[in-house]
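Chemist: Below are the structure tokens for one structure; questions will follow.
Just so it is clear, none of the values below were taken in a lab; they were calculated from the coordinates. Predicted, not measured: the structure shown is a model, and the values here were computed from it. In this analysis, Cβ positions are derived from the backbone assuming ideal geometry, glycine residues included, and neighbour counts consider all displayed protein chains.
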Ligand SMILES: [Zn+2]
């Protein structure tokens, strides 16, 4: 007979790929050991989850926590805390805007050691793909990189230059041989520069000019090039932050031609439109920019139809000084959204939870784990899987206040928005990291995750 269980979550509504299921969930050690309508045994800890939803912990494959080197922008401790407060249990940190960027194995090991010390959730690390580091890709893989990230337009960070098509092709060839995906920021630099020059020449520097300087054609052109190279090299391609249904359609066509490609979008493209950008200002500046209402709605249709495969926050914060200027072009482009993005997506589906919560759980957790080969452990509420989950309650709309942000800077486009969904608890491998609106300090720090072979 086994010893007493460590934890039982009783009476919650579990979100599984097959739908919603009212059940108890038992944890022993770091894993889910049983899911059943009723678990009669006792446990060291019991959470009464009646009326709440139990979702797989969010796996955010796209954050910039900026440590080491730009910790004054965020940092691994505050970034991971904000993620946990938003239901997140794993993040993948991008190779930039930490300084120096993760472009070789030594930098990856350095960031890994820092995160092992400071992160309260599990994590994986992206390696960079830039001109001049092609010979580092193999050692980055050996050090545990989850994939390689490249920019097709200027990244805004001098130490992380963009790749041209020739470098991207060679990088993809090598990544294919190494068995890792390449993720691209897909905006065409030539087109972006041309449209930007036109706006500036016309003396326009407001939010609308910024949006006009990066129309969907800029994204489409880069996605087309990346897809062609992926088809040619056999590389697994992940297009990050797809902002438009036109971009999603290109990915879908390529999948029909058997190109191994997935599309990520971000909560801000699903939650905000161009009018919101004008109203919110600097906190809503990002690239590619947020689109019009018609496109926002079309992205929801794409998500519900399974044409968007993952959703990541692209959390890319900056201090207030970099988010303050009369010239919208001069502002740091990046959205601080790691804490509230998922909850606002849940809230947006409050009237259609039955069908939409399983879909959101897929793009926020299960699909991410599968795409990046963590799926034997993460992303699913199932017996044998690691006990990463969050509890979410739905109620009357509540305004998000700056003071509740766990991020280093209280800057987010979501401050002032109303949410019907609230994350109440987050568990990583069976340990509570966030409970009743507070971070719990007891659990061991986050664990480094390597892709399964
Ligand atoms: Zn990013």
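Chemist: Would you mind calculating the gained length between residue 48 and residue 404 on full extension (0.36 nm times residue separation, minus the Cα-Cα distance), in nm to one decimal?
Modeler: 125.7 nm
Chemist: While we're here: Given the C-alpha centroids of the range 162-189 and the range 325-400, what is the distance between them in whole angstrom?
Modeler: The range 162-189 and the range 325-400 have Cα centres spaced 27 Å from each other.
Chemist: Using a Förster distance of 22 angstrom, determine the FRET efficiency expected from the C-beta separation of residue 260 and residue 154, and round it to 0.05.
Modeler: For R0 = 22 Å, the calculated efficiency reads 0.20.
Chemist: How many nm separate the modelled label positions at residue 450 and residue 135, each set 7 Å beyond the Cα in the direction of the Cβ?
Modeler: Here the answer is 2.4 nm between the modelled labels.
Chemist: Apply the a/c threshold of 1.5 to the C-alpha gyration tensor of the range 58-371 and tell me whether it is rounded, prolate or oblate.
Modeler: Verdict is rounded for the range 58-371.
Chemist: Report, largest value first, the span of the C-alpha coordinates of the range 294-453 along each principal axis, in whole Å.
Modeler: Per principal axis, max minus min of the Cα coordinates gives 53, 41, 39 Å.
Chemist: Find how many whole Å separate the alpha carbon centroid of the range 235-289 from the alpha carbon centroid of the range 294-320.
Modeler: Cα centres, the range 294-320 to the range 235-289: 6 Å.
Chemist: Mind checking the angle between helix 105-118 and the chain's longest principal axis? C-alpha axes, 0 to 90 degrees, to the nearest 10.
Modeler: Relative to the chain, helix 105-118 is tipped by roughly 40 degrees.
Chemist: Relative to the longest principal axis of the chain, what angle (0 to 90°, nearest 10) does the C-alpha long axis of helix 245-256 take?
Modeler: The angle comes out near 80 degrees.
Chemist: Right, here's the next one. Using label points projected 7 Å from each Cα along Cα→Cβ, tell me how many nm separate residue 165 and residue 435, to one decimal.
Modeler: With each label point 7 Å from Cα toward Cβ, the separation is 5.7 nm.
Chemist: PRE reach from residue 20 (point 7 Å along Cα→Cβ): which of the range 327-348 fall under 20 Å by backbone N?
Modeler: Within reach of a label on residue 20, which here means backbone N under 20 Å from a point 7 Å along Cα→Cβ, the range 327-348 contributes 342-348.
Chemist: By how many degrees, between 0 and 90 and to the nearest 10, does the Cα long axis of helix 165-178 differ from the longest principal axis of the chain?
Modeler: 30
Chemist: Related question: In nm, give the distance between the simple-model label positions of residue 190 and residue 278, each being 7 Å from the Cα along the Cα-to-Cβ direction.
Modeler: The answer from the label model is 3.3 nm.
Chemist: Could you quote the convex hull projected area for the range 261-352, Cα atoms only and averaged over all directions, in nm²?
Modeler: Across all orientations, the range 261-352 yields a mean hull projection of 6.5 nm².
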